[in-house]
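Each value in this text was obtained by applying a stated rule to the coordinates, not by laboratory testing. Because the structure is predicted, anything quoted here is derived from the model rather than measured. We place every Cβ from the backbone using ideal geometry, glycine too, and count neighbours over all the protein chains shown.
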Amino acid sequence: MRIAVLASGSGTNLQTLIDQIHRDPTIDIQIAVVISDNPQAYALTRARESDIPTEVILTEDYADRVQFDEAIAEQIERYRCELIVLAGYMKVFQPPFVRRYRYRIMNIHPALLPAFPGAHGVRDALEYGVKVSGVTIHFVDEGVDTGPIIMQAAVPVMPDDDETSLHARIQVHEHRLYPKAVELYAAGKIKIEGQRVRILDDDTTS
Ligand code: GAR
């Protein structure tokens, strides 16, 4: 299966997908393209170092966000990708893009949704004072971080945590779970029943 990874930043999740999936000859999943809205994203360097094609698509080059999303869709089609994996991609898709790729866009979020959606999930959870936060992998729908949840893992918040330390512990779980979720999808083991997701032969949910 050919996948597109979209990333706006450092790309540690992209790196684990490269290392654990793309480079594993026993797994039939290829990262066909890495797309970014940020030309400075280190994720692009990681892709180039692994000889994965990259595309940079800038919002300022398009009249509106629907047309910007269309430019992304053109690349998804050009590289013949079946799944779109958001790995620290920090823009929200407009409804036409979501409808076109319904249940074919996966996102990872550094909090236990539906708590603390949006761009600052780690900071918002800390400021609220929760004792447990975590990671959520979900399908993208028309809302912000509201789509069907595929996997979650809990991460305790320590009394002396700051945003950096908590995010680092959450990322350990992100890197463990995201490749598994992509593999399960490719194997046809993820079934969506309304808002609920069932994973067949599941031994991976924690
Ligand atoms: C990840 O922690 C991901 O959960 C978060 O961005 C980080 C990207 O890290 N995504 C969001 O906050 C989406 N709202 P990475 O660039 O090192 O993979």
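Here are the numbers for this structure:
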quantity	calculated
Test: GLN152 is assigned to a strand (DSSP E or B), under 23 Å from LEU17 (Cβ atoms) and within 13 Å of the ligand (Cβ to nearest atom)	yes
Tabulated pairs, the range 159-172, first of a type in the set (Lys, Arg), second within 13 Å of the ligand (Cβ to nearest atom), C-beta under 7 angstrom, 6+ apart or interchain	ARG169/VAL155
Selection from the range 112-143 of residues that are more than 8 Å from the ligand (Cβ to nearest atom) and part of a loop (DSSP other than H, G, I, E, B)	LEU112, LEU113, PRO114, ALA115, PHE116, GLY129, VAL130, LYS131, VAL140, ASP141, GLU142, GLY143
Subset of the range 158-203 that is polar (S, T, N, Q) and exposed (fewer than 15 other Cβ atoms within 10 Å of the Cβ) - its residue that is nearest to GLN30 (Cα to Cα)	GLN195
Verdict on VAL155 being more than 19 Å from VAL92 (Cβ to Cβ), among the aliphatic types (A, V, I, L, M) and crowded, with 21+ Cβ neighbours inside 10 Å	yes
Any hit, the range 114-131, residues being among the hydroxyl-bearing types (Ser, Thr, Tyr) and either on the phi > 0 side of the Ramachandran plot or surrounded by 14 or more Cβ atoms within 10 Å (Cβ to Cβ) (or both)	no
Selected residue (criterion: surrounded by the fewest Cβ atoms within 10 Å (Cβ to Cβ)) from residues of the range 1-55 that are outside any helix (DSSP H, G or I) and touching a Leu at 6+ places or on another chain (Cβ under 6 Å)	THR54
